[in-house]
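See structure below.
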Amino acid sequence: MGTVAGSIDEARPLTFVEHSLRSSGSQSRNEAFDVSCVRSKKCPLVANFSTMTPATAQATSASPELSQEATAALRTSLRGNVLTVDDGAAFQKAGEVWNKMYQDRAPRVIVQPLGNTDVVKALKFAEDHSLDVAVKGGGHSALGHGLIDGGLVIDMSLMRGVVVDPVTKTAVIQGGATLGDIDEEMGVYDLMFPLGHYRRTGMGLILGGGLGVAARKFGVASEHLTSVTLVTAEGEVVTCSRDVEEDLFWACHGAAPNFGVVTSVTVRLHDVGPYYGGLMLLPGAHYHEVARFLSQMTYAQTQDSMTGPLDGMPPVHVYWVSNKLQGLPTDDFIQTYDELFSGAPPELAPSMLILDLQGGEGFEKPAYGPLYLSKPTMASWYAIICWTDVSDREKGIAYAKKIKETLAPFSTAQEYANMCSAEGTQSAEMVGGEESLQRLRSVKQKWDPTNKFRSNHNISI
């Protein structure tokens, strides 16, 4: 049995939970994985996951853009998979993302690691062959950050392990786990922490803040991080926390993809319930009445009130916009919101306008880290504009921008990075202010001065 320790000399046992790992094109299988303590140049303790049965590589021939010898050597050196376009369906499957606006991006190589060492070797390969790098977790990024043209994608989908310790009420979560994976394993022990609304969403949701179910009671998902393990641009495996590399740990609460490949996190958990909830479907014509009622009711209730989950959506073309409201939703805001929703072009029928009522105990204190939630929050709105026909792209983007412009008088300038389709670098509004942005730039300069990790909401230095 492996251990996770507070120091290299003081180890405590963990309860291990077997988790199903799925290899592209292969049948699912249960594989135990072990957590062991090893030393790192940057930190005395690193959680290093090792899968006992390596996955069989699906790829058999090299991409024409790279020599067969180079690709074969990488494949031989890894426990995980190395895929190129010659691998057909397996390569296509590994490169799927939820937002089909970005599905046309074509990486040269996709690496599916099974541990920290595989990630280190993949980054070294990218460096040696001048390949840009993207990291794909759940593939749910609004801007398709998990894919990159002509580069190397590190697809974390084989690292989906979740280790729950019911005694200390903590969980160690690998970097490829989805919210569905996490929820299932926590549920065995009736434990939880706030997660997003979609089961297929990956680690980016947690590291980007993590609004979702139970946030009004317990705060956002990132508030529950106790440590983050990542592989840096220099190939070092580093575990950061409030006690070790605190600046890096702070920066990982909202901007982690800028500093490395996150291979695992540790989070604290809460007991479940008793809570009651369910799905209510109401006529759209009564939206403004329902929204007003829910707004008044939510803030009249105790701080135990929670918003509930939405069902998942199929992969579509998506453009997101969002903002934090200046306060509680007013009648004028609700009326304007209703008019925008009812006036959506029919081609954008799958679209959603979401009013997220926040406040409560979980939002009374400023969030830790460079987040737009750095100040107490009462409510936010999100517009998820969707279409299925590629020819409707310009219409969808234009409508999303119209929504943002129309709702600007009711909103702050603070935007939720997890729900932002605007291209470009991190803004002060996204990260909690100019002081936070300058601190982020300092952390970026230390850990990734050449900007190797730039397929993200990037920090300019």
For segment 386-394, 3J(HN,Hα) per residue [Karplus equation, 6.51 cos²θ - 1.76 cosθ + 1.60, θ = phi - 60°, Hz, x = Gly/Pro]: 10, 8, 9, 9, 4, 5, 8, 4, 5
Peptide ranges 351-358, 218-225 listed from the most packed, as the mean C-beta count within 10 angstrom indicates: 218-225, 351-358
Inter-centroid distance (Cα atoms) of segment 64-130 relative to segment 324-342, Å: 45
Using a Förster distance of 51 Å, the FRET efficiency for S342-H270 (Cβ separation, nearest 0.05): 0.85
Distance in nm between pseudo-label sites at A106 and Q335 (7 Å out along the Cβ direction from Cα): 5.3
Fully extended contour minus Cα-Cα distance, from S130 to V290, at 0.36 nm per residue: 52.1 nm
Net charge of neighbours whose Cβ lies under 11 Å from the Cβ of T117, counting Lys and Arg as +1 and Asp and Glu as -1: +2
Exceeding the 23 Å Cα-Cα cut-off - candidates K121/K452; K217/K324; K93/K404; K217/K444: K93/K404; K217/K444
HN-Hα J in Hz across segment 67-82 - Karplus 6.51, -1.76, 1.60, θ = phi - 60°, x for Gly and Pro: 5, 4, 5, 5, 5, 5, 5, 5, 4, 5, 7, 9, 7, x, 9, 10
Spin-label pair D389/T226, simplified geometry with 7 Å Cα→Cβ offset, distance in nm: 5.4
Inter-site label distance for Q326 and I461 at 7 Å from Cα along Cβ, in nm: 3.8
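Values quoted throughout were computed directly from the atomic coordinates according to the rules given, and no laboratory measurement underlies them. Note that the coordinates shown come from a computational prediction; the quantities given were computed from them, not determined experimentally. Virtual Cβ from ideal backbone geometry, glycine too; neighbours counted across all protein chains shown.
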